[in-house]
Structure formats: C-alpha cells, structure tokens
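Here is the structure we will look at.
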Amino acid sequence: MARWGKVDFRQLQNLQKRLERFEKAEMDQFNEKMVKELAARMLARVIRRTPVGQYPSNTGKVGGTLRREWTVGNVTKIGDVYEIEVFNPVYYAAYVEFGHRTANHQGWVPGRFMMTISEQELEREAPKIIEKALMKYLGEVFKGD
C-alpha cells in the first residue's frame, strides 16, 4: 500500500468559507453595485445626448433644463431581478425623445432618441462591463487571507 503523506485541508476550508460568504450576502452587494454602475453610465450617456434649447438673448430664457433634470432612482430587488430607474421628470422629455408635432400642426419635429440610443449602446456593452467587474471581485474573494 502506498503512503500519501500529510494533507492540510485548512486552505480548502478557508476557500469554502469565502465562497459561502460570497454566495450569501456579498453577491447581493455586488449585484446592487453593478446596477448602480450601469445606471451611472446610462446617465452620463443620456445627459451628453440631451439637446440644450437655444433662445434669443433678449428673451431671458436659458436652455439646459432638460439636460439638468436627468436623475437616477433607487435600486429595487424583485425576486432575483434588480431594477433601477433613470428618468427625466420634465414634462416635455418624451416629446424631445420621440418627436412631436409643431405648434401650428403643420409639421413634425423628429425625436432625438437620447435615452433609446444610450440604452441600446449600454445593453451591448453591459456583459463586458459586468464580466470585468465580476472577475475582479472573484479575484479578491479567492485571494488568500
């Protein structure tokens, strides 16, 4: 019969503890952090795309209200799904996004689709962003104490 020698299982036990800790509380924290990061990226993109109104200098009006009012809501978890809302409470935001008729109903002002385009771009890039953050986070979890 062959001898195997001595085996120290402490490292495996430590790894098991770290995995259990990650699986329970830390996974929720990671998911919430990623949702907030993606929302921040979305907010930055949509703000950059939002047009600023141009008014004659003698009117006293200043543009930029629509751009300044973009905001992010709170993270909510419904089942296994995390949600966060990026929105603009200005009443005419939807008209700028999707387009509208002119005041005299003779023409159409095309939409700018600042939210739609930003969302589509982020949706394409999100898997890479999440994977990179997850690999970094798992590297910290598996790093020895």
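What follows is calculated from the coordinates using simple rules that are stated; it is not laboratory data. Quick caveat, the model's predicted, so the values are computed rather than measured. Here Cβ is always computed from backbone atoms with ideal geometry, including for glycine, and neighbour counts include all displayed protein chains.
Structure notes:
- Filtered trypsin sites (Lys or Arg not before Pro), the range 72-145: DSSP coil and at most 14 other beta carbons within 10 Å: LYS143
- Exposed-site-free run, longest, the chain (rule: chymotrypsin sites (Phe, Trp or Tyr not before Pro); DSSP loop; at most 14 other C-beta within 10 Å): 10-90
- Separation of alpha-carbon centers, the range 117-143 and the range 17-67, rounded to whole Å: 16
- A full extension of the chain between LEU134 and ARG49 corresponds to an added length of 27.7 nm, given 0.36 nm per residue minus the alpha carbon distance.
- In this Cβ point-charge picture (+1 for Lys and Arg, -1 for Asp and Glu), the range 10-142 has a dipole of about 440 debye about its Cα centre.
- Contact order for the range 45-110, expressed relative to its length and based on alpha carbon pairs under 8 Å spaced 6+ residues apart, stands at 19 percent.
- Taking amide H atoms as placed 1.01 Å from N in the peptide plane, the amide H of GLY99 lies under 5 Å from those of GLY111, ARG112, each 5 or more residues away in sequence or on another chain.
- Where Cα atoms sit under 14 Å apart: lysine pairs in the chain separated by 8 or more or lying on different chains: 6
- The range 10-142: relative contact order as a whole-number percent, Cα under 8 Å and 6+ apart: 22
- The chain - mean residue ellipticity at 222 nm from DSSP helices (-39,500 (n - 2.57) per run, n ≥ 4, rounded to 500): -16500 deg cm²/dmol
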